[in-house]
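Right, one structure below, let's go through it.
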Amino acid sequence: MMTNREIKAFAWHQMHGNWIASIAAYLVMVIGIVSISFGISMVLALAGMMLRDPVILFGSSAYSTLLISTCAGICVAALVALLLWFIIGTSLGMEIMFLNIVRGRKCVPFDIFKGFRVRQMGHYLGVMIIIWLISWVLMMPELFLSLRMGFQTKTVEVINIITTLLIYYMALVLGMAPLASADNPDMKAGTAIRVSIHIMKKRKIRFLLLMLSFLPWILLSVITFGVGFLWTIPYMMAAQSIFYLSAYSEDYQGNGNDDVTPYAEYRELSPEEAEAVKTQEKDTPEKHASFEEIYQATHNGQGVDSNAQKVSPDESQRDLEPENYKEQTKLLNSSHDADTNQTT
């Protein structure tokens, strides 16, 4: 498992060449959310204006009020559904994008739309719904006591502090579930939740310290009236992705856990492999570099493709030292010819 200092340094290194793409993708997400939210507010405002004096537009006041309210309700419901669909899709796309960035892949802003895949969106939405429901369950005692005793009582304030701490703790425990779901298109929501619980079992404090280390960046972003968030948020997302991949690689890479082992290799299936899965053929998968190997190769100044196969020593030597390999081949061939002549 990488240290927090290594995670931040590696995140900054992997963002080189991807800053523009990540910032543009973040802006697309923000602009989309703001635009749809503005559309909802405009519909509500227009409906309110029309309801003030509906007789001018229609003959009957009651009929006009019902018609306007119905049309406004349908439009608002459609826009809210569109907003939720856009938030889920772009959030998933951002997770996928930064997982690819930290693996050393070049990304473009339109990669954010890779999250709009129906099946994977369903799994990701399931994860978010589970987290949302758990948050509501934790908030129910505070809400019940607030309605019964009042919002300003000492007891409610204490319960509010306890509830806030529980929600933060839940966020730490389940914080890796969205990344696990984004990293593995076929992973169901329940499995992603269990993976996050397992990963964070002994790493909650480490992850909390990692997030707290970005406080200077957040303060700088606030001072710059939010402009700094264009760099802070991508940097933080890259660090979170590396934290997840490093922990996941350490816990699950080839450990024989039947529940998560199929998701342990960080790659997409080739068309041949996908067809083999569909026909339930038991093909032996190729061995690919783990995330820790990618980090070590990058840290040592060597490039490595996360989809690259492991090769034999001869092939590795041929790729890394072509001239030495040729010279050694000539020496071996000449030695072999000499032995053959002596034998003759």
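Checked against (1) of a type in the set (A, V, I, L, M, F, W, C); (2) more than 26 Å from TRP19 (Cβ to Cβ); (3) outside any loop (DSSP other than H, G, I, E, B); (4) open to solvent by less than 10 Å² (accessible area, probe 1.4 Å), ILE205 passes all but a single condition, namely (4). Which residue pairs have Cβ atoms under 8 Å apart, sit 6 or more places apart or on different chains, and have a first residue in the stretch 28-49 that is farther than 30 Å from SER64 by Cα and a second that is part of a helix (DSSP H, G or I) and of a type in the set (Phe, Trp, Tyr)? Qualifying pairs under 8 Å: GLY32/PHE86; ILE33/PHE86.
Per-residue answers, yes or no, for (1) open to solvent by less than 40 Å² (accessible area, probe 1.4 Å); (2) over 21 Å from PHE207 (Cα atoms); (3) touching a residue at least 60 places away in the same chain (Cβ under 8 Å):
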residue	(1), (2), (3)
GLY126	yes, yes, yes
THR155	no, yes, no
ILE167	no, no, no
ALA171	no, no, no
LEU174	yes, no, no
PRO178	yes, no, yes
SER181	yes, no, yes
MET187	yes, yes, yes
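Take THR163 and tell me if it is in contact (Cβ under 8 Å) with a residue 24 or more places away in the chain, more than 30 Å from LEU245 (Cβ to Cβ) and more than 26 Å from the chain's Cα centre (by Cα). The answer is yes for THR163.
Here is a yes/no grid of residues against (1) at pLDDT below 90; (2) over 30 Å from HIS123 (Cβ atoms); (3) part of a helix (DSSP H, G or I):
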position	(1), (2), (3)
LEU44	yes, yes, yes
ALA47	yes, yes, yes
PHE58	yes, yes, no
LEU66	yes, yes, yes
THR70	yes, yes, yes
ALA78	no, no, yes
LEU82	no, no, yes
TRP85	no, no, yes
ILE88	no, no, yes
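Within the stretch 211-250, being of a type in the set (Gly, Ala, Ser), over 30 Å from ARG194 (Cβ atoms) and crowded, with 16+ Cβ neighbours inside 10 Å holds for SER221, GLY228.
Looking only at the stretch 174-196, count how many residues are among the hydrophobic types (A, V, I, L, M, F, W, C), assigned to a loop (DSSP other than H, G, I, E, B) and closer than 17 Å to ILE242 by Cβ.
1
If only residues of the stretch 96-110 that are closer than 16 Å to LEU179 by Cα and of a type outside the set (Val, Ile, Thr) are counted, the one that is modelled with the lowest pLDDT is ARG103.
ARG194 falls short of the stated requirement of being among the charged types (D, E, K, R) and without any contact (Cβ under 8 Å) to a residue 40 or more places away in the chain.
The values are calculated or read from the model by the stated rules, or taken from the named source; none is laboratory data. What you see is a predicted model, and the numbers here were worked out from it, not measured in a lab. Here the Cβ is made from the backbone with ideal geometry for all residues, glycine too, and neighbour counts use every protein chain on show. Protein only, heavy atoms only, side chains kept; ligands, DNA and RNA dropped before computing areas. Shrake-Rupley method; radii C 1.70, N 1.55, O 1.52, S 1.80 Å.
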